[in-house]
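Remarks on the structure that follows.
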């Protein structure tokens, strides 16, 4: 087992736990808001922004997990019916490309965070808006790492699963 | 230079690079040439991710995955069987109705073929329905519910085209019902022709099935009632649905043990994450296209050759069927909708009606030979050769095409409920 692969698996475990906690908190808060609004004609001022920020966190963690499991939405028309070896080469190429793009997005997200911090706007509980925004550079960096890992994976570890199968499962 | 870069991106897109990286690459390229800071793209993405619609997408997806992992499909089939099983062709109507309901809730057509088909196909064969008919039925009823709320593709269409979700939900109802109705009539005719034995109606069976599914029966009311009455916002209806399904399946029926919840959360959020990141990255690109008046230029080009809206709609249908056959529904919506919507509007087509045409086309395209995704899934799931799946699907596809023509050329069907 590759050392990098090991690290990725540990991150994956932590992500999984964080995802469950945040999603539970989100469902709970969203429901509590509805109960308060409709039965007691009141509501938590921080409820809606909290829920919306949790969506961002859960969604982007989901996107990072999709990268690990190869479940991003793709159109792989050209790959269908290609010989296995050519496929392998092209897959590495697309992973390398994706890694570079995610790297650029990480950079853009860091700039975004810096600008937000400079503007000093605040969201619920007086938290500066850049704090919940941190999930963007974090998950983009993780996706850069994960696509890179797949691009440079040793041949023996490459799993061959056709797109049809992986989509059906 | 730019042209070359775009060419490379298109090649990568069709070679299976994740769609969001293609969109991001394009947007970054455009921002770079326009000398705009790349963080502009992240601002757009963050803004989209914090809109209330995303709350709805996330919660409905979670509820759908919970339902698909529970025994709800089995109870749903049991109930419709008890109520409608005595009709000629009853079981095939059951297949159509339950698949439509299931796809509407989960929004994933492949999931319906896998989850429902696995139960329905053996039941149909046991009920002595012809094999070819049964196979065609389970393959093609997978997409049937896309027009019914709270189907995920409708919500995504609303986000991409900036239409009201509630209006689209209403607009989809009549075309969706027409589809179910005509397919049911066709199935009854087939069942009668094949002399499928009928079962007797038992009052006891009905009351037992109702008791079994008692807690799931109010679900459509929770989803639809809230949305249509305008009493709840869509995101609120989604939250109520998620909590309700969670309590019913985990606490009351105990179909899903607590220990399995993290896995279901993970699976559903992977889908949500995939959609969120594509929507976020496509937004910048769409805005650029509109700024650069690309759709208007396209319209001028098309207008020079096609005068009548009638012909335009025909070509649009052919084009969308091909798109639906080649791409999965979410990528198709995100890539094509922003380009076509302004052109169609210039031809005087109502945007809501256009949405229903889009969704109907993509739905049919997904089971259109030679490469519709549903055909592959069905072939894998039921362990049948592709050629056979295609052959048995043809009568269903022909009928669906007739319905498509009706939906396209009778705008009233889509617009009656929203006026």
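Take peptide B:38-47, look around each residue's Cβ out to 10 angstrom, count Cβ atoms belonging to other protein chains, and average those counts. All intermediate terms of the calculation are to be shown ahead of the outcome.
Details: counts 7, 10, 3, 5, 15, 4, 0, 7, 10, 0.
Mean inter-chain Cβ contacts per residue within 10 Å come to 6.
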Chain B: angle of helix B:117-126 to the longest principal axis, Cα-based, in degrees nearest 10: 40
Relative intensity, log₁₀ I(q)/I(0), of the protein assembly as shown from a Debye sum that treats every alpha carbon as a point, q = 0.05, 0.06, 0.09, 0.11 Å⁻¹: -0.21, -0.31, -0.71, -1.09
Value in Å of the Kirkwood radius, where the stretch B:4-82 supplies the Cα pairs that are averaged: 16.4
Within a Gaussian network of chain B (alpha carbon springs, distance under 10 Å), most fluctuating of B:20, B:169, B:148: B:20
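What ranking do A:126, B:216, A:5 get, fewest neighbouring Cβ atoms within 10 angstrom at the top? Display every interim value, and only then the final one.
Details: A:126 7, B:216 21, A:5 12.
Placing the least packed residue first, the sequence is A:126, A:5, B:216.
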Of B:182, B:375, B:173, the one that fluctuates the most in a GNM where chain B has Cα springs shorter than 10 Å: B:182
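To two decimal places, what compactness ratio does the stretch A:83-140 give when its Cα radius of gyration is scaled by 2.2 N^0.38 Å?
1.69
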Average beta-carbon neighbours from other chains, 10 Å sphere, peptide B:19-32: 4
Highest-MSF residue in chain B out of B:166, B:361, B:204 [GNM, Cα springs under 10 Å]: B:204
Along each principal axis, Cα extent of the stretch B:307-419, largest first, Å: 46, 28, 26
Peptide ranges B:124-136, A:72-84 listed from the most packed, as the mean C-beta count within 10 angstrom indicates: B:124-136, A:72-84
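Averaged across A:110-118, how many Cβ atoms of other chains sit within 10 Å of each residue's Cβ atom? Mind dumping the intermediate values first?
Values: counts 2, 5, 9, 2, 1, 4, 4, 0, 0.
Average neighbour count from other chains, rounded to a whole number: 3.
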Solution diffusion estimate, µm²/s, Stokes-Einstein, the stretch B:162-242, Kirkwood Rh from C-alpha pairs, 20 °C, viscosity 1.002 mPa s: 133
Degrees separating the helix B:39-49 axis from the principal Cα axis of chain B, which is the longest one: 20
Under the Debye formula (equal points on every Cα, no solvent term), log10 I(q)/I(0) of chain B at q = 0.06, 0.08 Å⁻¹: -0.25, -0.45
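Starting from the Kirkwood Rh over alpha-carbon pairs, what translational D in µm² s⁻¹ does chain A have by Stokes-Einstein at 20 °C and 1.002 mPa s? Show your work: numbers first, answer last.
Values: Rh = 18.5 Å.
The Stokes-Einstein estimate is 116 µm²/s.
With r as the distance between the Cβ atoms of residue B:306 and residue B:185 and R0 = 35 Å, compute the FRET efficiency 1/(1 + (r/R0)^6) and round to 0.05. Don't skip to the answer; put the middle values down first.
Working: r = 35 Å, r/R0 = 0.99.
Efficiency for this residue pair is about 0.50.
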Cα centroid of the stretch A:1-62 to Cα centroid of the stretch B:268-339, whole Å: 32
Rounded tilt (10° steps) of B:309-326 against the dominant C-alpha axis of chain B: 70
For the stretch B:225-366: Kirkwood Rh in Å [reciprocal of mean 1/r, alpha carbons]: 18.2
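Here, each number is a calculation from the coordinates, and none is a lab measurement. Everything numeric here is computed off the predicted structure, so don't read it as measured data. Methodologically, a virtual Cβ is constructed for each residue, glycine included, from the backbone with ideal geometry; neighbour enumeration extends over all protein chains shown.
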